[in-house]
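The structure appears right after this line, and notes come after that.
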Amino acid sequence: MVSRKDVRLAAKLVKDVLGSRKAQRLLTERLAVRGPLPAHTYKIAVYFADGPVNLYQMRQWYKPLAKLAETWPVVILSRTAGGTNKLLEESPIPVAYVRKVVDLERVIAEQDIRIVLYVNQNSRNFQMMRYGRRWHVFINHGESDKMYMTTNQFKAYDYSFVAGQAAVDRLGKVLWDYDFDKRAIAIGRPQADHYSGLLPYTPDERTVVLYAPTWEGDRAAAAYGSIATHGVALVTALLRSPRHRVIYRPHPRSGVVDHEYGVANKQIMAAITAANGRDAGAQHIVDTGAELGWQLSAADVAIVDISAMVYDRLASGKPLMVTRPLNPHAAIDTSGYLSDCEWLDAGDTAGIVETLDELVSDSGAEQRLQVWVEQYFGDPTPGAPTARFHAAVEHLMAEWDRFAEVNADVDDGLAEFVDDVSEIEEV
């Protein structure tokens with residue numbers, strides 16, 4: 001007997017195939033119009049092997065990379081048609097489409113790539129990491145205390161740019177025989193120097209609450225998402241309050257694994273639309289935009305799940321609460337900020353208005369928050385994270401020059417060997 005789940009899965013597969021073919025045709029047309037990228041131009045590459053659904057991992061780096069490109073030209077190496085189409089639409093950084101390994105090798109031969117940056121742990125990263133004589137650097141797509149941040153995969157890269165001392169301490173518990181002094185370089189959060197975006201509402205006396213949950217996760221240990229456990233009741237209570245404005249920013253993967261989680265997400269969006277219909281002055285927002293910045297700085301208080309959003313908000317130094325996962329198997333690292341944060345249990349969501357009133361007037365909570373900001377991001381002074389990011393890149397460029405000089409004789413000998421082999425093959 002065919003279940004409804006099987007029917008949905010089959011329909012999704014057909015939709016994905018048709019969507020992939022359409023994306024490929026569109027991309028072919030776009031690249032033909034744009035033409036080839038200039039050769040011998042780019043020194044830094046950002047490798048991205050995912051499709052559009054994971055572009056949030058790239059978007060937060062657009063502005064820091066654009067600023068870096070003013071000194072060191074940067075190109076994005078994109079492996080999928082769908083991801084490349086979106087990148088061509090929105091990225092301020094040039095994009096090279098490298099669907100096949102032969103395409104990747106062509107770009108490497110045409111350019112002088114000395115540093116390759118990685119924003120995630122996609123298994124296809126290893127197709128790029130086969131190429132030596134360049135630094136492979138993991139920059140991640142956000143700071144957090146999720147188990148993803150303690151993976152032994154950090155060792156696969158030559159270096160990792162981490163946010164601060166908290167990241168080093170976290171990794172130090174799980175990475176054996178790892179040279180942290182050399183390979184883990186703290187840069188803070190350069191994205192915080194580029195918070196921007198126009199407010200989609202007119203500010204007034206309302207308290208602005210950002211609710212930014214993560215997705216449901218693909219296993220129990222990563223079941224941090226709160227939309228189905230906290231979100232509906234939480235947003236419903238806030239929408240009843242004439243003193244609050246809700247900015248709802250769901251994770252783009254919400255409902256990808258759990259259909260019911262996706263249903264709860266749609267329920268919240270429908271409730272916000274209905275609330276605005278009853279009171280246009282409320283100006284509640286469903287935020288699914290690509291840009292992340294104005295939400296973090298404009299909100300008076302934020303409610304987030306265990307995810308990078310905790311630390312995106314932490315970098316702003318403004319009040320926040322973290323939803324406590326209902327799944328007892330969800331892995332929670334309570335050795336860092338989560339040991340001292342303001343938790344929101346699922347059973348307390350109905351009284352969220354009173355809870356937030358207490359939080360914003362709690363001086364003790366504010367003092368604790370500032371201590372953790374320093375621990376996670378170092379000096380948060382505007383401009384300081386960008387300076388550390390650029391200094392880290394300058395250091396690796398200098399190291400590249402040093403190693404290139406030391407190995408110049410080896411490289412010349414290898415080139416002569418290849419020429420000799422070619423001549424023998426011709427004979």
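Worth pointing out:
- Test set (1) in a loop (DSSP other than H, G, I, E, B); (2) free of Cβ contacts under 8 Å to residues at least 12 places away in the same chain - Pro382 fails condition number: (2)
- Criterion violated by Ala346 - all others in (1) surrounded by 15 or more Cβ atoms within 10 Å (Cβ to Cβ); (2) within 21 Å of Leu239 (Cα to Cα); (3) out of contact with any Leu (no Cβ under 6 Å at 6 or more places or on another chain) satisfied: (3)
- Within segment 230-244, the set of residues being touching a helix residue (DSSP H, G or I) at 6+ places or on another chain (Cβ under 7 Å), of a type outside the set (A, V, I, L, M, F, W, C) and surrounded by fewer than 24 Cβ atoms within 10 Å (Cβ to Cβ) comprises Thr236, Ser241, His244.
- Any hit, segment 134-148, residues being touching a Leu at 6+ places or on another chain (Cβ under 9 Å), modelled with pLDDT under 95 and surrounded by 19 or more Cβ atoms within 10 Å (Cβ to Cβ): yes
- Residues located in segment 238-272, provided they are part of a loop (DSSP other than H, G, I, E, B) and among the small types (Gly, Ala, Ser): Ser241, Ser254, Gly255
- Scanning segment 300-321 for residues that are of a type in the set (Val, Ile, Thr) and surrounded by fewer than 24 Cβ atoms within 10 Å (Cβ to Cβ) turns up just one, Val301.
- Any hit, segment 247-256, residues being more than 25 Å from Thr202 (Cα to Cα), in the same structural domain as Asp279 (by TED's automatic domain parsing), free of Cβ contacts under 8 Å to residues at least 40 places away in the same chain and charged (D, E, K, R): no
- Scan of segment 351-377 for residues that are at pLDDT 95 or above and of a type in the set (Val, Ile, Thr), ordered by number: Ile352, Val353, Thr355
- If the condition is being under 28 Å from the mean Cα position of the chain (by Cα), among the hydroxyl-bearing types (Ser, Thr, Tyr) and part of a loop (DSSP other than H, G, I, E, B), then segment 200-216 contributes Tyr201, Thr214.
- Any hit, segment 368-379, residues being within 28 Å of Trp61 (Cα to Cα) and outside any helix (DSSP H, G or I): yes
- Checked against the criteria, Val393 does not count as among the aliphatic types (A, V, I, L, M), surrounded by fewer than 17 Cβ atoms within 10 Å (Cβ to Cβ) and modelled with pLDDT of 90 or more.
- Contact annotation: residue pairs with Cβ atoms under 7 Å, 6 or more positions apart or on different chains, pairing a residue in segment 31-58 that is farther than 24 Å from Met397 by Cα with a partner that is basic (Lys, Arg), are Ala49/Arg79; Ala49/Arg124; Pro52/Lys86; Val53/Arg253; Leu55/Lys86.
- Qualifying positions in segment 59-83 - in contact (Cβ under 8 Å) with a residue 60 or more places away in the chain and closer than 19 Å to Gln111 by Cα: Leu68, Thr71, Trp72
- Odd one out for Ser297, checked against (1) more than 26 Å from Asp379 (Cβ to Cβ); (2) under 20 Å from the mean Cα position of the chain (by Cα); (3) surrounded by fewer than 24 Cβ atoms within 10 Å (Cβ to Cβ): (1)
- The residue list Ala223, Ala212 contains one member that is under 30 Å from Gln267 (Cα atoms), touching a strand residue (DSSP E or B) at 6+ places or on another chain (Cβ under 7 Å), in contact (Cβ under 8 Å) with a residue 40 or more places away in the chain and buried (at least 19 other Cβ atoms within 10 Å of the Cβ), which is Ala212.
Matching residues to (1) modelled with pLDDT of 95 or more; (2) surrounded by fewer than 20 Cβ atoms within 10 Å (Cβ to Cβ):
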position	(1), (2)
Lys5	no, yes
Val17	no, yes
Tyr42	yes, no
Phe48	yes, no
Gln60	no, no
Ala69	yes, yes
Leu88	yes, yes
Ala109	yes, yes
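- Among (1) modelled with pLDDT of 95 or more; (2) part of a helix (DSSP H, G or I); (3) over 24 Å from Arg240 (Cα atoms); (4) not aromatic (Phe, Trp, Tyr), the one test that Pro325 misses: (2)
- Sole exception among (1) in contact (Cβ under 8 Å) with a residue 40 or more places away in the chain; (2) in a loop (DSSP other than H, G, I, E, B) for Leu234, by number: (2)
- Restricting segment 147-199 to residues that are part of a helix (DSSP H, G or I) and among the hydroxyl-bearing types (Ser, Thr, Tyr), the residue that is farthest from Glu291 (Cα to Cα) is Thr150.
The values are calculated or read from the model by the stated rules, or taken from the named source; none is laboratory data. Being a predicted model, the structure only gives us computed values, none of them experimental. Ideal geometry is used to build each Cβ from the backbone, glycine not excepted, and the neighbour counts take in all protein chains shown.
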